Each structure stands twice: as C-alpha cells, then as structure tokens.
Amino acid sequence: MFKVTLERNKCTSCGTCEDTCPEYFELAEDAFAHIKGSKKAEVEELELEEEDCFMDAAENCPAMCIHIYKDGNEVL
Ligand code: SF4
C-alpha cells in the first residue's frame with residue numbers, strides 16, 4: 001500500500017509533477033499542485049495500491065514537497 005502526500009505550501013507551481021504524472025497530479029485553480037482524487041487541503045494525501053508514475057513525480061519535484069510512503073515508511 002502506497003500513500004502519496006503533497007505539501008501545497010511548499011509547491012512552486014513549476015508544473016513538473018503534472019508533466020511527469022498527469023494521471024495523479026494537476027495544477028489547481030490557485031496554481032499550486034493538487035493530487036487528483038484527493039480532498040483539497042494544505043497537505044493532501046491519497047492511498048494507492050500499486051506503484052505508478054507518482055514515484056517519478058516525487059523524485060523530480062524540485063521543491064521536494066511530494067512524499068511517498070510504502071507500508072507506512074517514507075521511501076521518497
Ligand atoms: S513538481 Fe513539486 S513544486 Fe512543481 S508543481 Fe509539482 S508539487 Fe509543485
């Protein structure tokens with residue numbers, strides 16, 4: 001089980017996550033990233049069963065505000 005979190009207050013609106021993984025990320029109306037399918041919040045989170053492009057988005061986020069947890073342990 002994976003959990004993706006996004007600290008929106010650290011997002012610089014660069015758009016890399018949306019380019020890398022549009023299945024899960026988009027820039028919202030306020031220009032900060034949003035995890036699709038998550039509740040809009042200062043820290044958004046979404047639980048997912050399978051590894052996917054959100055790993056690449058987390059690796060490539062220049063602000064390091066996307067975090068990935070696998071079975072409760074932070075892996076990115
Ligand atoms: S890659 Fe990071 S800094 Fe850039 S828009 Fe996405 S969350 Fe924000």
I'd like to compare 1-14, 61-74: which one has the highest average count of other Cβ atoms within 10 Å, and what's the full order after that? 1-14, 61-74
Cysteines in the chain lacking a second Cys C-beta under 4.7 Å: C11, C14, C17, C61, C65
Considering only protein heavy atoms and a 1.4 Å probe, what is the carbon-and-sulfur percentage of the accessible area of the range 1-64? 46
Here the gain from full extension of L27 to M1, 0.36 nm per residue of separation minus their alpha-carbon distance, amounts to 6.8 nm
CD proxy at 222 nm, helix term only [per DSSP H run n ≥ 4: -39500 (n - 2.57); per residue of the chain; nearest 500]: -3500 deg cm²/dmol
Spacing of the two label points (7 Å from each Cα toward its C-beta) at E45 and N73, in nm: 1.8
Charges at C-beta only: +1 for Lys and Arg, -1 for Asp and Glu. How large is the resulting dipole of the chain about its Cα centre, in Debye rounded to 20? 300
Zone of D56's modelled label, taken as backbone nitrogen in the range 1-34 under 16 Å from a point 7 Å along Cα→Cβ: 15-26
Counting only heavy atoms of protein chains, what accessible area per residue, in Å², does the chain have with a probe of 1.4 Å? 59
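The values are calculated or read from the model by the stated rules, or taken from the named source; none is laboratory data. Note that the structure is predicted; figures quoted are calculated from it, not measured. All Cβ positions, glycine included, derive from the backbone under ideal geometry; neighbour counts span all protein chains shown. Surface areas here come from the heavy atoms of the whole protein model, side chains and all, with no ligands, DNA or RNA. Shrake-Rupley method; radii C 1.70, N 1.55, O 1.52, S 1.80 Å.
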